[in-house]
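Asks: I am attaching a structure below and will ask some questions about it afterwards.
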Amino acid sequence: MSSKPVLLCLHGWGGSRESFTELRAALKGADVTVLTPDLPGFGKEPEPRHPWTVTDYAEWVERFAEKKGIDGGLLLLGHSHGGRIALKVAYRGKVKIQHLSLCAAAGIRHPKHIRRALGLMIAKPGKLLLSLPVLKQLDGLGKKVLYKLFRVHDYEEASPVMRETLVNVSKEDLRALLPHIKVPTDIFWGEKDGMTPVSDAHVMHEQITRSKLPLFPGVRHRVHRDRAKEIAAVIRAALP
């Protein structure tokens with residue numbers, strides 16, 4: 001690994017290294033090495049042999065950093081699912097992090113989000129609605145319509161291992177970790193985000209003591225892509 005600072009970017013669920021195309025372009029010419037690996041189960045990276053947890057993903061990131069010879073301060077960025085992994089890595093403290101960037105990060109559990117919970121139950125084969133005799137005939141197209149209605153596309157498209165992985169990571173609430181994160185942190189969020197609500201951004205900002213909260217009006221969940229130039233400017237300012 002070169003002597004340049006390293007920015008390690010962790011993509012969201014269903015994404016890949018291509019998720020950071022715009023950010024890479026915005027950081028062109030900056031004195032930083034940008035790493036955008038595919039996480040296990042996505043892109044060209046094989047899926048785990050068994051269902052993973054957030055801790056499993058964090059340990060993978062730690063091993064990745066070790067293999068790359070990253071022994072100095074790391075700039076760590078995570079979007080959505082990658083954000084929850086970044087939070088766990090920062091909390092564990094096994095990798096020295098100089099600056100943390102959270103882009104519409106997952107990690108705040110909403111137990112009363114009934115629509116998604118019901119959707120996940122419907123998505124499980126042989127369960128609930130689609131097991132009723134009247135609705136069995138809907139099984140093909142009908143199931144897809146119901147998945148879309150309840151916004152569980154990720155579950156529908158995943159393999160059995162990744163379905164259980166999605167359940168595992170989604171059910172873990174990282175709120176208790178937030179006060180223990182002491183590195184400078186920027187929390188980038190779109191105010192129109194319908195996947196990870198902006199209220200989560202405020203929770204993270206309140207609990208992470210050295211954090212700032214840049215909000216972007218009119219932006220949805222793709223804040224890392226739609227506001228790549230603004231995010232890149234903050235990262236450039238954080239470089240040593």
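The values are calculated or read from the model by the stated rules, or taken from the named source; none is laboratory data. Just so you know, these numbers come straight off a predicted model, no measurement behind them. Each accessible area value is taken on the protein alone, full model and side chains, heavy atoms only, with ligands, DNA and RNA left out. Shrake-Rupley method; radii C 1.70, N 1.55, O 1.52, S 1.80 Å.
Asks: Can you pull the percent of region 26-67's accessible area that's carbon plus sulfur, 1.4 Å probe, other chains left in place?
Replies: Taking all protein chains in place, region 26-67 shows 48 percent carbon and sulfur surface.
Asks: Let me know the whole percent of all Cα-Cα pairs from region 161-238 that are separated by more than 17 Å.
Replies: 55 percent
Asks: Could you rank K67, K212 by how accessible they are, 1.4 Å probe, largest area first? Write down the numbers at each step before the final one.
Replies: Numbers: K67 175, K212 140 Å².
From most accessible down to least: K67, K212.
Asks: Checking the table K4/K88; K192/K229; K67/K182; K67/K96; K44/K229 against a 22 Å threshold on Cα-Cα, which pairs fail?
Replies: With Cα atoms farther than 22 Å apart: K4/K88; K67/K182; K44/K229.
Asks: Just by accessible area at a 1.4 angstrom probe, what is the order of E45, E62 from largest to smallest? Before the final figure, lay out the partial values.
Replies: On the way: E45 65, E62 25 Å².
Largest accessible area first, the residues go E45, E62.
Asks: For the full complex of protein chains and a 1.4 angstrom probe, list F188, F216 by accessible area with the highest value first.
Replies: The residues order as F216, F188, largest area first.
Asks: Could you work out what % of the accessible surface of region 174-223 is carbon and sulfur, using a 1.4 angstrom probe and leaving DNA, RNA and ligands out of the count? Present the calculation step by step, with values, prior to reporting the outcome.
Replies: Values: 1380 of 2500 Å².
Ligands and nucleic acids excluded, carbon and sulfur reach 55 percent.
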